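Okay, so here's the structure we're looking at.
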There are 2 protein chains.
Amino acid sequence: MSADSAQPSLHTMASAIRALSMDAVEAAKSGHPGMPMGMADVATVLFTQFLKFDPKNPTWADRDRFVLSAGHGSMLLYSLAYLTGYERMTIDEIKRFRQLHSLTPGHPEVDPSLGIEMTTGPLGQGVSTAVGMALAERITNARFGDELIDHYTYVIASDGDLMEGVSHEACSLAGHLGLNRLIVLWDDNHISIDGTTDLSFTDDTQARFRSYGWNTIAVDGHDTDAVSKAIAQARTSTDKPTLIACRTIIGKGAPNKANSHACHGSPLGADEVAATRTAIGWTHEPFVVPNEVLSAWRAAGTRSVEAYNAWSSRRATLSAEAGKAFDEAFSHGVPSALADTIVAFKQKISAEKPSWATRVASGNTLEVLVPAIPEMVGGSADLTPSNNTKVKNTADVKGKGEFAGRYVRYGVREHGMATLMNGMTLHGGIIPYGGTFMQFADYCRPAIRLAALMKQRTVFVMTHDSIGLGEDGPTHQPVEHLAALRAIPNLLVLRPADAVETAECWQIALEATGAPSVLALTRQNVPTLRTEHTAENLSARGAYVIVEAEGERKATILATGSEVSLAVEARKALQAQGIGTAVVSMPSWELFERQDDAYKASVLGTGVRVGVEAAIRLGWDRWLGDKGAFVGMTGFGESAPYQELYKHFGITAEAVVDAVKARL
Amino acid sequence: MSADSAQPSLHTMASAIRALSMDAVEAAKSGHPGMPMGMADVATVLFTQFLKFDPKNPTWADRDRFVLSAGHGSMLLYSLAYLTGYERMTIDEIKRFRQLHSLTPGHPEVDPSLGIEMTTGPLGQGVSTAVGMALAERITNARFGDELIDHYTYVIASDGDLMEGVSHEACSLAGHLGLNRLIVLWDDNHISIDGTTDLSFTDDTQARFRSYGWNTIAVDGHDTDAVSKAIAQARTSTDKPTLIACRTIIGKGAPNKANSHACHGSPLGADEVAATRTAIGWTHEPFVVPNEVLSAWRAAGTRSVEAYNAWSSRRATLSAEAGKAFDEAFSHGVPSALADTIVAFKQKISAEKPSWATRVASGNTLEVLVPAIPEMVGGSADLTPSNNTKVKNTADVKGKGEFAGRYVRYGVREHGMATLMNGMTLHGGIIPYGGTFMQFADYCRPAIRLAALMKQRTVFVMTHDSIGLGEDGPTHQPVEHLAALRAIPNLLVLRPADAVETAECWQIALEATGAPSVLALTRQNVPTLRTEHTAENLSARGAYVIVEAEGERKATILATGSEVSLAVEARKALQAQGIGTAVVSMPSWELFERQDDAYKASVLGTGVRVGVEAAIRLGWDRWLGDKGAFVGMTGFGESAPYQELYKHFGITAEAVVDAVKARL
């Protein structure tokens, strides 16, 4: 470091990252110093020369998005946030790295006000989600024009990110779509936890990405000029995303531990920290960044002020209507057209009483929602005709310059689809929904969880939700998926019973601005049960009495989805035998759990309770109580016509009747 | 077809597959005719010229393995099984396609006696699992020599299979390991459900596979000579797997629906079936294969009889000891050394009373098991030092001709690892176990489910099983994973409380020859609670009273894993206040559920019940009853030292004491 020069070198600026990172990990006694030290030079080039961002206006819709996919290197991101001047990211927060309620947890947790575009840590998620951001950029650009949306998406990804299968799905799609504004900086450091990457990883990664239709560039990741030229070149791409392979040395600067997995996931130790200080010429105390270095960094943090102001001026010239549309799109709020559209649709359906599969009901709900809500962008993982996700008269998002459509063909890439949807939600301007078979919730699960953890409104349309799909058999029949999804905190699992509830569940999903939803929908037809119109969204209470008992309520049948009509049938038989029975539809356990005790008690009743769901019992005891019974599955399904399967597995109105009577 | 020729042509033989497939789908009124019709020629070449198999000795250890990854094309496999003479696969079973309890369900369900090496359907699983079979072949070849194990693994995979991320993970590893006996026949038909594949998929797939270190060959999939030459060439590879891109026409033979997604997933319809008969010159009634064609096929089914006999002779010349070792390895049975090894280890541990993390206890258990059980092959998804999966003095399976090791470096490929392990289990000769963080059970989930559905003993070592991992924070802290795993039918979720239970859980996992297991293990230290040696495996009952109440039992604390010691601490405080309290350790809910009612009642007790687990409540109500209480998590974790997190989330002995007292 040349302390007396007016303008510190990029390497000196990078040293600030290295020092903060190793010091914070040292203070926390845990963490990952190697990656931030290895990628400090690359990040310094990106943030001082290219990234369009304004720490004073951090949620600026047209900022470049930067994703640290290798989330274990969180100190890189926190160092950058502090150095470039995000107000709340103080040096005290850096000192509290990995402590309870600090702004500097072990892995980055989404907070755009700190420059943290998403939560990362589970490898593969960051780079794949960033593909969704880059896609959202192009789609919103097509809608709002270059004046308002015209930015890049940058990613730092590790070997591990690129080994994960989801990176294949998302990057293949990025190449197919020609997302030229996506630039991935690969930390090609040859080191993983087990040792050198060649223990398990000998792909020609650049060739792999070229096979997806990407540009690739290889540079020495410590040669700042070369990195700068590579990024500049990548930005000129017109029809391809770019992978820049940055050959780096993990823990660069640490004289004894660099280039070894010893610096990956543990503090360097006091001796090595001291030796590193000497080696990189950083003589300052821990957590001290000298003024001239900090000033240089803060100046980098103001590089885009002019661009921001120009953008604001352009935004200000919009008509009131156009401005409102733009703001609503990027508000992450509840679409203004939602409630009225749903109520009108419900009224029509209650009157018409169709016997639609709920996937068909969902498709028909989308037929009214998508035209009314321009942010909605649909898609399916190659199951469009089965998922009923495509609305008539919407065009595909074709890619390669054609992004004006509203429907994404994700291919057979369920996990990739889920990550892309998360990226679109995070980017703003889009409310994504995407379909697959509910069985493949398992493929999407890491991304569904991340959506829940990040509090993002991503809507998963999961059809063929039980043995009711019939002949495709146990590989395609979810039996444990409802339970497994209900296990994820902050995820709404919505299983509507009929067309009216399906519309209500769509409303719930779109109103839940801080949570993802899974719509669990049938393949098979179900009758309309809600034949009397109510403007109120009854499903929003999670569970409600859909058919009251005649006479004293002696029994309550609790059911979801396709089994609600079966419960209604059982009730009829019980009532005929003089047993007052209510049916409770429970489209969402999560929402019911939030109701007050009095409401819950009124729904559950005091008599016999029997639960019915074409799925396993796990979780049902919460609602059934000690003396309750459950009619459902006890294991995997079988291949046969669905009516036979319901009989074979004993999920019938008769079985429910018997279960009630056995407990009276 | 030339009915008068002595030997039907390959195309005529393929016509039999086409006819059976379309007729069966037609009869079932559902199914996928397009794929079997498209790949009939390729399959005919493979089965008549190359595949080493003997329908009379279908489980022959050295048979070639054939995996139909695109499981929706199940009629291809059933047709082949019938035509080549697997005894139980009668024409009546073909007629009962997709009917309850037929041998011909919608998707193939593992049954080697029918030539069905694995259950397929969820795309990507087949090709990835086959990599594990090919790896198992090389590892068992290294152990037993060319005389006993020396075969190929063939796969038919679809576009969808190759779009799935797991194919990236597994095929990248296959290239890295140089699995030259693996030959993938890619059904390159340009059609997916949404339409033509170029809607979403424009990879240069051959270039992609070359980037993994594969050979690639492209052929016209209807040119039987070209296919034959390509397979012959692939078999000569010495250090690389081979992808053969077979350009085919989906639904080949159907004059109006071929080359369209219209024939992918629906019956052709009576008219098109009739038109197809004419077009392919197949004049026979539905389900009728004329004698000369059937004879030709049956002859193909006897092609390997000589090879089988020669192999049997070689097998017979083994020494008694070597023969026994071989048989035990391929028996899929309980290792003979298991029980004694575990008992001796438990005795030592009970006496020494270490305070090991259960991951450390697992590592130390493996130190005695792996040397005693030569079938055990370990590995980790690049978390070896964290998962404690590698036993001292075991070498890596290096690949590229070096397969003598016992440890696989899977790289950051959790899902790929899980599929490879399933493939090794299915192949036989190996009992695989592999480690990752429990958080990444989500990544492995589709393969874990498939192991459970296939009843395969695959052992998943999942460490860092709660907020007890501390600073890495919510992205790495499982809170819902225990519940989500418990939801999977036929999966043993084993969460041991201490070192002794860890050894017992290893015994349970290895004795469960028809089920996969997940070992949920702590990062943090726990005390040894089982300080009194018992030869009996107490954990095998699923739950048991680990500390009895002093005096009348008024309360029972139910806990698992690291929370059992916390429960013991709470019990001490309660006993000090005169409240007789028992502690129940519940290492496996599944095993406890199987016990008789009397045992269950004796364990659960009649007094107050409080459950403690550093995870969400879902499922616990089953054990707690109406008046029970639960001390655990209600949402995602946080990043902080773990002791602080337990306090922060109120998972403490004090909280348990309070919960008990509030209910007395």
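The values are calculated or read from the model by the stated rules, or taken from the named source; none is laboratory data. Keep in mind that what you see is a predicted model, and the values were worked out from it rather than measured. Here the Cβ positions follow ideal geometry from the backbone for every residue, glycine too, while neighbour counts run over all protein chains shown. Surface areas here come from the heavy atoms of the whole protein model, side chains and all, with no ligands, DNA or RNA. Shrake-Rupley method; radii C 1.70, N 1.55, O 1.52, S 1.80 Å.
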(request) Would you compute the Debye intensity of the protein assembly as shown from its alpha-carbon atoms alone, equal scatterers and no solvent, and pass along log10 I(q)/I(0) at q = 0.06, 0.07 Å⁻¹ to two decimals? (result) -0.51, -0.71
(request) Just the number, please: buried accessible area between A and B, total of both chains, 1.4 angstrom probe, nearest 100 square angstrom. (result) 8000
(request) Using the structure shown, list the pairs from B:600/B:627; A:572/A:661; B:240/B:398; B:346/B:647; A:52/A:324; B:353/B:572 with a Cα-Cα distance above 21 Å, or answer none. (result) B:346/B:647; A:52/A:324
(message) Could you work out [θ]222 nm for the protein assembly as shown from helices alone, using -39500 (n - 2.57) per DSSP H run of at least four and dividing by all its residues? Round to the nearest 500 deg cm²/dmol.
(response) -12500 deg cm²/dmol
(message) Residues of the stretch A:152-179 with the amide nitrogen closer than 19 Å to a label point 7 Å from the Cα of residue A:318, along Cα-to-Cβ, please.
(response) A:152
(request) Measure nothing but the geometry: give the 0 to 90° angle between the long axis through the Cα atoms of A:358-372 and the longest principal axis through the Cα atoms of chain A, rounded to 10°. (result) 50
(message) Can you compute the equivalent ellipsoid semi-axes for the stretch A:180-284, i.e. the square root of 5 times each eigenvalue of the Cα gyration tensor, sorted largest first and rounded to whole Å?
(response) 31, 18, 9
(request) Partner chain Cβ atoms within 10 Å, averaged over the residues of A:157-168 - can you pull that number for me? (result) 6
(message) Exposed loop sites here are GluC sites (Glu not before Pro) in DSSP loop states with at most 16 other C-beta atoms within 10 Å. What is the longest stretch of chain B lacking them?
(response) B:148-531
(message) Stokes-Einstein diffusion coefficient for chain B at 10 °C in a medium of 1.306 mPa s, Rh from the Kirkwood formula over Cα pairs: what value in µm²/s?
(response) 60
(message) With +1 assigned to the C-beta of every Lys and Arg and -1 to the C-beta of every Asp and Glu, and no other charges, what is the dipole magnitude of the stretch A:337-527 about the Cα centre in debye, to the nearest 20?
(response) 320
(request) Can you check what the net charge comes to around residue B:606, using other residues whose Cβ is under 15 Å from the Cβ of residue B:606 (Lys, Arg +1; Asp, Glu -1)? (result) +1
(request) Taking every Cα atom in the stretch A:337-527, find the radius of gyration and the maximum pairwise distance Dmax, and write them in Å. (result) 15.2, 45
(message) In whole Hz and in residue order, list the ³J(HN,Hα) couplings for the stretch B:333-348 that follow from phi through the Karplus curve 6.51 cos²θ - 1.76 cosθ + 1.60, θ = phi - 60°; x for Gly and Pro.
(response) x, 7, x, 5, 7, 5, 4, 5, 4, 5, 4, 4, 5, 4, 4, 4
(message) Within the protein assembly as shown, what whole-number % of the accessible surface is contributed by carbon and sulfur, with the 1.4 Å probe and all protein chains included in the calculation?
(response) 49
(request) Quick one: which residues, 5+ away or cross-chain, put their amide H under 5 Å from the amide H of residue B:191? H built at 1.01 Å from N. (result) B:197
(request) Using a 1.4 angstrom probe, figure out how much accessible area chain A has per residue, in square angstrom, rounded to the nearest whole. (result) 30
(request) Quick one: compute the contact order of chain B, relative version, from alpha carbon pairs under 8 angstrom and 6+ residues apart, as a percent. (result) 12
(message) Projecting each Cα onto the charge dipole of chain A (Lys/Arg +1, Asp/Glu -1 at the beta carbon, about the Cα centre), which of A:462, A:388, A:332 comes out farthest on the positive side?
(response) A:388
(message) If amide hydrogens are placed 1.01 Å from N in the peptide plane, which non-local residues have theirs closer than 5 Å to the one on residue B:409?
(response) B:397
(request) Using protein chains only (no ligands, no nucleic acids) and a 1.4 Å probe, work out which residues of the stretch A:342-391 have their accessible area cut by at least 50 Å² relative to the chain alone. (result) A:382
(message) Loop only by DSSP, 11 or fewer other Cβ within 10 Å of the Cβ. Give me the trypsin sites (Lys or Arg not before Pro) in the stretch A:344-409 that pass, ordered by residue number.
(response) A:392
(request) Within 10 Å of each Cβ in peptide B:173-186, how many partner chain Cβ atoms are there on average? Round it to a whole number, please. (result) 1
(request) Just tell me which lysines come within less than 23 Å, Cα to Cα, of residue A:348; anything on the same chain fewer than 8 places away is out. (result) A:390, A:392
(message) Order A:331, A:380, A:565 by their accessible area, 1.4 angstrom probe, all chains in place, largest first.
(response) A:331, A:565, A:380
(message) A drop of at least 20 square angstrom in accessible area, chain alone versus all protein chains together, probe 1.4 Å. Which residues of the stretch A:456-501 meet that?
(response) A:471, A:472, A:474, A:475, A:476, A:480, A:484, A:487, A:489
(request) Mind pulling the angle between the C-alpha long axis of helix B:320-329 and the longest principal axis of chain B? Nearest 10 degrees, somewhere in 0 to 90. (result) 80
(message) Rounded to the nearest 20 debye, what is the charge dipole size of chain B about its Cα centre when +1 sits on each Lys and Arg Cβ and -1 on each Asp and Glu Cβ?
(response) 720
(message) Placing unit charges on C-beta atoms (Lys and Arg positive, Asp and Glu negative, everything else neutral), compute the dipole magnitude of the protein assembly as shown about its Cα centre in debye, rounded to 20.
(response) 780
(message) Rounded to whole Å, give me the distance from the Cα center of the stretch B:612-644 to that of the stretch B:369-404.
(response) 35
(request) Determine the order of A:592, B:649 by accessible area, beginning with the largest, at a probe radius of 1.4 Å. (result) B:649, A:592
(message) Can you give me the angle between helix B:165-177 and the longest principal axis of chain B, using Cα atoms only, in degrees from 0 to 90, rounded to the nearest 10?
(response) 80
(request) Go from 0 up to the bin containing the longest alpha carbon distance in the stretch B:295-381, width 10 Å each, and give me the % of pairs per bin. (result) 13, 29, 23, 17, 11, 6, 1
(request) Positive end of the charge dipole of the protein assembly as shown (Lys, Arg +1 and Asp, Glu -1 on Cβ, about the Cα centre): tell me which of B:646, A:34, B:546 has its Cα farthest that way. (result) B:546
(message) How far, in nm to one decimal, is residue A:309 from itself in the other copies if the label point is set 7 angstrom along Cα toward Cβ? Shortest first, please.
(response) 9.3
(message) How charged is the neighbourhood of residue B:269? Take every other residue with its Cβ under 12 Å from the Cβ of residue B:269, and add Lys/Arg as +1 and Asp/Glu as -1.
(response) -1
(request) Could you work out how far apart the two model spin labels at residue A:594 and residue B:232 are, taking each label as a point 7 Å from the Cα in the direction of the beta carbon, and quote it in nm? (result) 6.8
(request) Calculate one ³J(HN,Hα) per residue across the stretch B:634-648 by plugging θ = phi - 60° into the Karplus curve 6.51 cos²θ - 1.76 cosθ + 1.60, and present them in order as whole Hz with x for glycine and proline. (result) 10, x, 5, x, 9, 8, 5, x, 5, 4, 5, 5, 4, 5, 4
(message) How much length would be gained if the chain were fully extended between residue A:535 and residue A:577, taking 0.36 nm per residue of separation minus their Cα-Cα distance, in nm to one decimal?
(response) 11.7 nm
(request) Name the shape class, rounded, prolate or oblate, that the alpha-carbon gyration tensor gives for the stretch B:10-308, where a ≥ b ≥ c are the square roots of its eigenvalues, rounded holds for a/c under 1.5, and otherwise prolate holds if a/b is larger than b/c and oblate otherwise. (result) oblate
(request) Have a look at B:630, B:580, B:558 and report the one farthest towards the positive end of the charge dipole of the stretch B:542-662, computed about the Cα centre with Cβ charges (Lys/Arg +1, Asp/Glu -1). (result) B:580
(message) How many angstrom lie between the Cα centre of the stretch B:556-604 and the Cα centre of the stretch B:17-51?
(response) 56
(request) Could you let me know the centre-to-centre spacing of the stretch A:55-110 and the stretch B:241-320, using Cα atoms, in angstrom? (result) 59
(request) Pop out a list of residues from the stretch B:105-135 that are at least 40 Å² less accessible with all the protein chains around than in their chain alone; 1.4 Å probe, no ligands or nucleic acids counted. (result) B:107, B:109, B:122
